[in-house]
Amino acid sequence: PAPDQGEAPDGAVREVSEASLALAAMLGQRVASQGGAALILDYGPAESGFGDTLQALRGHERADPLAPPGTVDLTAHVDFAALANAAGHAG
């Protein structure tokens, strides 16, 4: 489950990665049952929010994500708050 965002403005985009939330939940269960910690490194804000996070980069510059395949690197920001919430609810 992602943190509550309240009322979304008209036209708002909310990205949810069910696979990422499932992985965070599994890690939360494992840490709760076996001890330890999980460290997740990537790019993204500390707080959840609305917006499209898909990006394309070429030569360290922003590029068109619909550029011909193989000509740009595609990436998306990680929703760290949603991951922490999923792990916490799991254990």
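Sort out which residues of the range 63-91 are closer than 20 Å to PHE50 by Cβ, outside any helix (DSSP H, G or I) and not acidic (Asp, Glu), and write them in order of number.
Here is the first cut: in the range 63-91, the residues closer than 20 Å to PHE50 by Cβ are 65, 75-86.
Applying the additional criterion that residues be outside any helix (DSSP H, G or I) yields 65, 75-79.
If the condition is that a residue be closer than 20 Å to PHE50 by Cβ, outside any helix (DSSP H, G or I) and not acidic (Asp, Glu), then PRO65, THR75, ALA76, HIS77, VAL78 are the ones that fit.
Which condition number in (1) surrounded by 13 or more Cβ atoms within 10 Å (Cβ to Cβ); (2) in contact (Cβ under 8 Å) with a residue 12 or more places away in the chain is the one that PRO65 fails?
(2)
I'd like to know if the range 52-60 contains one or more residues that are in contact with a helix residue (DSSP H, G or I) (Cβ under 6 Å, 6 or more places away or on another chain), open to solvent by less than 40 Å² (accessible area, probe 1.4 Å) and on the phi < 0 side of the Ramachandran plot.
Taking the range 52-60 and keeping what is in contact with a helix residue (DSSP H, G or I) (Cβ under 6 Å, 6 or more places away or on another chain), we get none.
For the range 52-60, residues in contact with a helix residue (DSSP H, G or I) (Cβ under 6 Å, 6 or more places away or on another chain), open to solvent by less than 40 Å² (accessible area, probe 1.4 Å) and on the phi < 0 side of the Ramachandran plot: absent.
Mind checking which pairs have a first residue in the range 40-53 that is under 22 Å from GLY11 (Cβ atoms) and in a loop (DSSP other than H, G, I, E, B) and a second that is aliphatic (A, V, I, L, M) and modelled with pLDDT under 85, Cβ under 8 Å, 6 or more apart or different chains?
Pairs that qualify, where the first residue is under 22 Å from GLY11 (Cβ atoms) and in a loop (DSSP other than H, G, I, E, B) and the partner is aliphatic (A, V, I, L, M) and modelled with pLDDT under 85, are SER48/ALA2; PHE50/ALA8.
Considering each of GLU18, GLU47 in turn, give the residue that is at pLDDT 85 or above, open to solvent by 90 Å² or more (accessible area, probe 1.4 Å), touching a helix residue (DSSP H, G or I) at 6+ places or on another chain (Cβ under 6 Å) and of a type outside the set (Gly, Ala, Ser). Don't jump to the end; show me each part of the working.
Numbers: GLU18 fails: touching a helix residue (DSSP H, G or I) at 6+ places or on another chain (Cβ under 6 Å).
After ruling out the rest, the residue left standing is GLU47.
Among the residues of the range 30-44, which ones are modelled with pLDDT of 95 or more and surrounded by 14 or more Cβ atoms within 10 Å (Cβ to Cβ)?
Passing the criteria: ARG30, VAL31.
Here are the criteria: (1) loosely packed, with under 10 Cβ neighbours inside 10 Å; (2) of a type in the set (A, V, I, L, M); (3) touching a residue at least 40 places away in the same chain (Cβ under 8 Å). Tell me which single one ALA87 does not satisfy.
In the conditions (1) loosely packed, with under 10 Cβ neighbours inside 10 Å; (2) of a type in the set (A, V, I, L, M); (3) touching a residue at least 40 places away in the same chain (Cβ under 8 Å), ALA87 misses (1) alone.
Which ones in the range 73-84 are surrounded by fewer than 17 Cβ atoms within 10 Å (Cβ to Cβ), within 12 Å of the chain's Cα centre (by Cα) and of a type outside the set (Gly, Ala, Ser)?
THR75, HIS77
The values are calculated or read from the model by the stated rules, or taken from the named source; none is laboratory data. The structure displayed is predicted, hence computed values, not measured ones. Virtual Cβ from ideal backbone geometry, glycine too; neighbours counted across all protein chains shown. Accessible surface is based on the protein model in full, side chains and every heavy atom, while ligands, DNA and RNA are left aside. Shrake-Rupley method; radii C 1.70, N 1.55, O 1.52, S 1.80 Å.
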